[in-house]
Every structure is written in C-alpha cells, then in structure tokens.
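J.: Before I ask anything, let me first share the structure, which is written out below as structure tokens.
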Amino acid sequence: MDQVTTGVHQVSKGVNAFIIDGDDGVVLVDAGLPKRHGAIVGGLASIGRSVGDVRAIVLTHAHADHFGGAAALKRQTGASLIASDIDAPVIEGLRPVPAPPILDLPVLRLIARLVPSPESATVDERVTIGAITVAPDLEVIPTPGHTDGHISLLLDRAGGVLFVGDAAMATRSGGVQRGFMNRKSPTFDSSLVVMAHLEFAVACFGHSGPITSGASGAFRSFVDSL
Ligand SMILES: [Zn+2]
C-alpha cells in the first residue's frame with residue numbers, strides 16, 4: 001500500500017482503491033475486484049486501523065473491479081455504502097453491469113470475462129452532486145461517460161484531492177489521458193472539462209498511479225489539447 005498524501009492511501013490489487021484516514025474514522029473510495037477485499041482490510045491494519053473504523057464506502061461507478069468487494073466489505077465493516085443514484089441499481093443487482101466504452105476490443109472483452117461476477121450490495125445513500133451525509137468532507141462531482149452514473153470525489157485536504165475513478169488516467173510523465181478503458185465522446189469529454197475547472201493538488205485514479213502535485217493544472221493542459 002502507498003501513501004498518496006497525508007492520510008490518503010492507495011491499495012493496488014489489479015485496480016486501485018483508496019483509504020482516507022481522518023479524525024472521524026475511515027472512508028473507503030471504491031472496493032476493488034470481487035474476492036480481493038482482503039488487500040483493503042490488510043491496508044487498514046498497516047495504518048493501525050481496523051474494519052470497525054470504516055464509516056463509509058463510496059463507489060465511483062458500477063464496474064466489477066470497483067464495486068466487487070463492496071458487499072464483503074460492508075459485512076465486515078458495518079459501514080454505509082454510497083453510490084450515484086444512476087449506478088446504484090447495477091450495484092444492487094437490479095440492472096446488468098454496463099460494458100466499459102472500449103469493450104469492443106477483443107482482448108479487453110477477454111480480460112473482462114476473467115473478472116469474477118461481483119456480489120450485489122444494498123446502497124445506503126444515493127448521491128447525485130454535492131455533499132455526502134456520512135462523509136461530509138467529500139464532494140460528489142458527476143463525471144459521466146465511462147458509465148452513465150460515474151462520479152468523482154473531491155476531498156478538502158492537502159490542497160484538494162480528486163478521486164477520479166475511471167473518468168481519466170495519468171500518463172507516466174504526470175499528465176492526463178483518457179485511458180485505455182475510455183474513448184472520446186461528448187459526454188466523456190464534458191466530464192474532463194468539469195474536472196479541469198476544479199482546484200486540486202492531487203489526483204487519484206483507478207488504473208494508474210496518482211498525480212501528487214499540480215494535478216488540476218494537468219487536467220487543464222489535457223483539456224486545452226482536445
Ligand atoms: Zn470502470
């Protein structure tokens with residue numbers, strides 16, 4: 001597990017999930033792949049926290065590699081599960097998991113088939129934009145495109161930390177790109193513009209390492225190049 005910035009830790013187990021350690025307990029952003037939630041529980045232990053310290057699990061979107069561990073983590077922690085109102089029915093098993101925008105590539109279709117089916121979980125708080133009742137230091141930013149209900153989360157700490165989910169990805173040189181799991185669309189690119197208008201020093205991504213300084217500037221540079 002890696003510390004991204006003070007009290008923000010990245011758990012990497014095929015996909016990234018995040019532990020936010022605060023005075024009022026712990027908030028998780030995303031829940032990892034199905035049957036891989038042990039890495040998150042281990043991450044909690046490594047910072048001296050336990051499952052009982054987790055008060056909220058916030059999901060960026062309803063793909064198996066981001067909500068796969070949600071049901072198990074909810075059982076272990078007793079925490080509230082939070083997701084967007086649009087993606088919540090998928091997490092609850094009421095609608096099929098939507099394909100990522102790039103799944104017409106055969107190799108990615110193959111990889112997607114290797115991911116175990118996620119266990120559905122009841123969503124306790126459905127959000128659209130703005131505050132989260134049980135995690136008031138996080139602001140919900142709607143960033144549709146990767147999924148219809150995709151949200152990013154802005155933490156008011158360390159100059160601002162944006163949890164981007166799969167709404168973008170970092171390049172190796174600290175820039176921003178759409179990422180292998182996305183393709184250009186008006187909705188997707190509008191979400192990039194929304195993020196570029198925010199102020200944040202740090203950006204955390206589902207499928208790349210973080211940008212640890214000047215992150216909103218990196219988003220603005222990418223948007224300017226579109
Ligand atoms: Zn995704």
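J.: Between residue 213 and residue 133, with labels modelled 7 Å along Cα→Cβ, what's the label distance in nm to one decimal, could you check?
T.: The answer from the label model is 4.1 nm.
J.: Still on this structure, I have one more. Counting Lys +1, Arg +1, Asp -1, Glu -1, what net charge surrounds residue 226 among other residues with beta carbon under 14 Å of its beta carbon?
T.: Computed value for this residue: +2.
J.: Starting from the Cα gyration tensor of the stretch 112-151, take the square roots of the eigenvalues, sort them a ≥ b ≥ c, and report rounded, prolate or oblate (rounded when a/c is under 1.5, otherwise prolate if a/b is larger than b/c, else oblate).
T.: Oblate, since a/c reaches 1.5 and b/c is not below a/b.
J.: So, one more: Tell me, what is the FRET efficiency for residue 171 and residue 110 to the nearest 0.05, using R0 = 30 angstrom and their Cβ-Cβ distance as r?
T.: Details: r = 25 Å, r/R0 = 0.84.
With R0 = 30 Å, the Cβ-Cβ based efficiency is 0.75.
J.: Summarise the long-distance tail of P(r) for the stretch 121-226 by giving the % of C-alpha pairs beyond 24 Å.
T.: Of all Cα-Cα pairs in the stretch 121-226, 18 percent lie more than 24 Å apart.
J.: Using modelled backbone amide H atoms (1.01 Å from N, in-plane), which distant-in-sequence or interchain residues come within less than 5 Å of residue 165's amide H?
T.: Excluding prolines and chain starts, which carry no amide H, the hits are 206.
J.: In addition: Please list, in chain and number order, the residues 5+ apart from residue 95 or on another chain whose amide H is under 5 Å from its amide H, with Hs placed from the backbone.
T.: For residue 95, the qualifying residues are 90.
J.: Can I ask one more? Using the scaling law 2.2 N^0.38 Å as the reference, what is the normalised Cα Rg of the chain?
T.: Relative to the 2.2 N^0.38 Å estimate, the chain comes out at 0.92.
J.: Out of all DSSP beta bridges in the chain, what portion is antiparallel? Express it as a percent rounded to 5.
T.: Of those bridges, close to 65 percent are antiparallel.
The numbers here are math on the coordinates, done by the rules we state, and not lab data. What you see is a predicted model; the values in this text were computed from it and never measured. FYI the Cβ positions are ideal-geometry reconstructions off the backbone, even for glycines, and counts take in every protein chain you see.
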